[in-house]
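Structure first, then comments.
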Amino acid sequence: ANGGQVIMNAGAKNALLASVVNNTGVIEAHTVEYQEGSIILLGGMEAGTTYAGGTLDASAPNGGNGGFIDTSAAHVKIVDGIKVSTLATDGNTGTWLIDPVDFNIGDAADGAVSNMSGTTLSSNLAINNVEILSSNGTADGAGDINVNEAVSWSANTLTLTAAKDININAVMTAEEASKLVLNTAATNGCLLYTSPSPRD
């Protein structure tokens, strides 16, 4: 759907159904004539699950800005080896949004299972701005983002926005033209670090 929109939607947004969106193939929505493409994989935000794998390509290989990719549900699992691209060869790189209730980058010490590996996040930050947003959490319940594996990148912006807490339990290394932004309910926005000089 070059220049257009691809939507995979399982169940109503607020339905209490254990709906599943599962992608393992190739979805492409390139920018065409400066019209950005978008790809949306949306499970139910109350009880649904999105399994994102394969290739999601909303890049801009022939001019214009990169598009938008949304992988959202109450539970989101990013499969190792996924290839996501909103890269622009002559324009601004787009954004990949991951919107669950809770999110673990790597397995947690308390036994909670990883939603995405640090390696997968690092490799995809090379060609995307990435935002992880626990928007459906609550201040007295779910809504945490936990960084349990090392993440490193040298371009683009990683934004972590939590309804509750952001727990950084591993080294995050932002270098060169990269940026890290942390937002929590308590801080209502905090820019932690902007390159150019390497820093953990």
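The values are calculated or read from the model by the stated rules, or taken from the named source; none is laboratory data. On a predicted model such as this, the values are computed, not experimentally measured, just so you know. With ideal geometry, Cβ positions are generated from the backbone for all residues, glycine too; neighbour counts draw on all protein chains shown. Accessible surface areas use protein heavy atoms only, side chains included; no ligands, DNA or RNA. Shrake-Rupley method; radii C 1.70, N 1.55, O 1.52, S 1.80 Å.
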Cα centre as origin, Lys/Arg/Asp/Glu Cβ charges: the chain dipole, Debye: 120 debye
Residues whose built amide H sits under 5 Å from the amide H of GLY64, excluding neighbours closer than 5 in sequence, are ASP90
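In Å², what does the accessible area per residue of region 1-159 work out to with a 1.4 Å probe?
On the way: 6610 Å² over 159 residues.
Here the residues of region 1-159 average 42 Å² of exposed surface.
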Considering only VAL32, VAL84, VAL101, give the residue with the highest GNM mean-square fluctuation for the chain, with springs between Cα atoms whenever their separation is below 10 Å. VAL32
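How much net charge surrounds VAL84 when only other residues with a Cβ under 13 Å from its Cβ are counted (Lys, Arg +1; Asp, Glu -1)? If you can, show how the numbers build up before the last one.
On the way: positive: LYS83; negative: GLU28, ASP57, ASP70, ASP80, GLU131.
Summing Lys/Arg as +1 and Asp/Glu as -1 gives -4.
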Using the Cβ atoms and a cut-off under 12 Å, what net charge is assigned to the surroundings of THR71, where Lys and Arg are +1 and Asp and Glu are -1? -2
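Could you give the alpha-carbon Rg of the chain over 2.2 N^0.38 Å, rounded to two decimals?
Values: Rg = 16.1 Å, N = 200, 2.2 N^0.38 = 16.5 Å.
It is 0.98.
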Using only helices, what value at 222 nm comes out for the chain when you add -39,500 (n - 2.57) per DSSP H run of length 4 or more and divide by the total residues, to the nearest 500 deg cm²/dmol? -1000 deg cm²/dmol
Using amide H atoms built in the peptide plane, which far-off residues or other-chain residues are under 5 Å from LEU17 H to H? ALA47
Percent antiparallel among DSSP beta bridges with both residues in region 2-150, to the nearest 5? 5 percent
A 1.4 Å probe over the protein heavy atoms gives the chain a carbon and sulfur accessible-area percentage of 50 percent
Here the net charge surrounding ILE27, from other residues whose Cβ is less than 15 Å away from its Cβ (Lys, Arg +1; Asp, Glu -1), is -3
Using the Karplus curve 6.51 cos²θ - 1.76 cosθ + 1.60 with θ = phi - 60°, what ³J(HN,Hα) values do you get for each residue of region 66-74, in whole Hz, with x for Gly and Pro? x, x, 10, 10, 10, 10, 9, 4, 4
Based on the Cα atoms of region 36-129, what semi-axes does the equivalent ellipsoid have, where each is the square root of 5 times one gyration tensor eigenvalue, given in whole Å with the largest first? 25, 15, 9
